[in-house]
Amino acid sequence: MKILACVKQVPGTNKVEIDPVTGVLKRDGVSSKLNPYDLYSLETGFQLAEKYGGEVYTLTMGPNQAKTAIRETLAMGAAGGVVISDRRLAGADVLATSYTLAQGVRSAGDFDLILCGKQTTDGDTAQVGPELAEHLGIPHVTNVLEVRLAGGAEEEEEAGAGASGDMRGSYGKLLVRALRDGLIVEQLVAMPCLLCMEDGVNTPRLPSYRRQKAIREEQIGVMTLDDMKDRNEKAYGLSGSPTQVVRMFPPQKREGKEIYDGPEEESADRIFGLLRERKMI
Ligand SMILES: Cc1cc2nc3c(=O)[nH]c(=O)nc-3n(C[C@H](O)[C@H](O)[C@H](O)COP(=O)(O)OP(=O)(O)OC[C@H]3O[C@@H](n4cnc5c(N)ncnc54)[C@H](O)[C@@H]3O)c2cc1C
């Protein structure tokens, strides 16, 4: 299985300021880290590759310093990784970001499975994965808890215990469990496909010191707009971004706050009484 995990480098702190004029995060001088949600999708990729055979590659779009994020994934076990970095891509909103990633995926080769995190800790939209799948014209599932190859030995065993007949032997498909409105839905998805993993679904591995040493001299590949099939600059960066930040402002502070710090039962009674009084329950 050839797997691609999309990862993003995010600020390592939540004290990031926003430029009030452009509405863009001020990233200069701010420490960075791998988006914590991407660690779960990466780990899913590693586990699938170990179980069924295959390799995990990583892709990120960001400034040149995002090479550090790719290097970290290599130290965890990725077979290779690429950064899409180009000044002409700056200021991209979700549409332009997912379009750029789709172009990058097309240039990087064929993949059976693309993995994304649930969301990022900075942009936080959770839209890049589904939009990337749409640009590539492949199916996707979000909020994924578990994934395995349909028709594997494990599956055959379980099929005897109730799985539907056409699930047997359906190689080339993944059996995916995902959260849907408080229920867990089990579905078959034909590869190539894209999955957005939920957080906390596994225990992400740490970068290995041995691999860190081994890849120290390795050059991280950089893709620019010139490597894309679509080189029309208008489709990328700010000009490819229909979203415009009109105004940025802190939320209004709520006055009249009351704090109950007495014993739990007493506080619960007071809150209950207050909610009834305001006809909220
Ligand atoms: C008008 C506008 C201007 C913006 N300008 C800038 C700017 O100048 N600089 C800037 O950094 N941001 C900018 N942003 C934010 C930027 O659009 C988002 O950070 C970006 O689209 C990713 O969305 P997200 O962080 O919400 O990802 P989500 O959709 O929450 O991420 C879900 C998953 O998608 C994958 N993913 C997301 N982003 C990437 C990536 N870059 N590379 C690889 N995989 C990824 C990861 O697997 C991640 O877990 C701008 C946003 C808007 C609306």
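Calculate one ³J(HN,Hα) per residue across segment 219-226 by plugging θ = phi - 60° into the Karplus curve 6.51 cos²θ - 1.76 cosθ + 1.60, and present them in order as whole Hz with x for glycine and proline.
Result, rounded to whole Hz: 7, 8, x, 10, 9, 10, 4, 5.
Could you give me the ³J(HN,Hα) list for segment 124-136, computed from phi with Karplus coefficients 6.51, -1.76, 1.60 and θ = phi - 60°, whole Hz, x at Gly and Pro?
Per residue, the Karplus-derived 3J(HN,Hα) values read 6, 8, 6, 10, 4, x, x, 5, 4, 4, 5, 4, 7 Hz.
Which order do peptides 63-76, 240-253 fall in by mean Cβ count within 10 Å, highest first?
63-76, 240-253
Can you give the convex hull volume of the alpha carbon atoms of the chain per residue, in Å³?
Each residue corresponds to 212 Å³ of Cα convex hull volume.
Return the long-range amide H neighbours of Lys33 (sequence gap of 5 or more, or a different chain), with a cut-off of under 5 Å between placed amide H atoms.
Residues meeting the amide H criterion: Val10, Gly12.
Specify the residue with the greatest mean-square fluctuation among Glu198, Glu43, Glu217, computed from a Gaussian network of the chain linking alpha-carbon atoms under 10 Å apart.
Glu217
Per the helix-only calculation at 222 nm, which mean residue ellipticity applies to the chain, given -39500 (n - 2.57) for every DSSP H run of n ≥ 4 and division by its residues, nearest 500 deg cm²/dmol?
-8500 deg cm²/dmol
How much of the DSSP bridge set in the chain is antiparallel, in percent, rounded to the nearest 5?
Bridges in the chain that DSSP calls antiparallel: roughly 45 percent.
Explain nothing, just the number: dipole magnitude of the chain about its Cα centre with +1 on each Lys and Arg Cβ and -1 on each Asp and Glu Cβ, in debye rounded to the nearest 20.
Computed about the Cα centre, the dipole is about 920 debye.
Can you tell me which of 113-119, 92-98, 175-181 comes out highest on packing, and rank the rest after it, using the mean Cβ neighbours within 10 Å?
Put in order of decreasing packing, that is 113-119, 92-98, 175-181.
Describe numerically, in nm with one decimal, the distance between label points set 7 Å from Cα along Cα→Cβ at Ser267 and at Val30.
3.2
Between Thr13 and Gln219, with labels modelled 7 Å along Cα→Cβ, what's the label distance in nm to one decimal, could you check?
In this crude label model, Thr13 to Gln219 measures out at 3.5 nm.
In terms of modelled amide H atoms, which long-range or inter-chain residues lie less than 5 Å from the amide H of Leu149?
Here Leu175 satisfy the definition.
Quote to one decimal, in nm, the extra length available between Leu275 and Ser241 on full extension: 0.36 nm per residue of separation minus the C-alpha distance between them.
Length gained between Leu275 and Ser241: 7.8 nm.
Mind listing the phi-derived Karplus ³J(HN,Hα) values for segment 69-86, rounded to whole Hz, using 6.51, -1.76 and 1.60 with θ = phi - 60°, and x for any glycine or proline?
5, 5, 4, 5, 5, 5, 5, 7, x, 5, 7, x, x, 9, 10, 9, 9, 6
Given labels modelled 7 Å from the Cα in the Cβ direction, how far is it in nm from Asp230 to Ser208?
If labels sit at Asp230 and Ser208, their model points lie 3.9 nm apart.
For Met61, what residues show an amide H to amide H distance below 5 Å, using hydrogens built from the backbone and excluding near sequence neighbours?
Ile84
Sorted by accessible area with a 1.4 angstrom probe, largest first, how do Met61, Met280 fall?
My answer, sorted largest first, is Met280, Met61.
Hey, if you drop one equal point scatterer on each alpha-carbon of segment 33-134 and run the Debye formula without solvent, what base-10 log of I(q)/I(0) do you get at q = 0.16, 0.17, 0.21, 0.25 Å⁻¹?
-0.69, -0.78, -1.26, -1.79
The values are calculated or read from the model by the stated rules, or taken from the named source; none is laboratory data. Since we're looking at a predicted model, the values are computed, not measured. Ideal geometry is used to build each Cβ from the backbone, glycine not excepted, and the neighbour counts take in all protein chains shown. The protein model used for the area step is the full one, side chains on, heavy atoms only, and it has no ligands, DNA or RNA in it. Shrake-Rupley method; radii C 1.70, N 1.55, O 1.52, S 1.80 Å.
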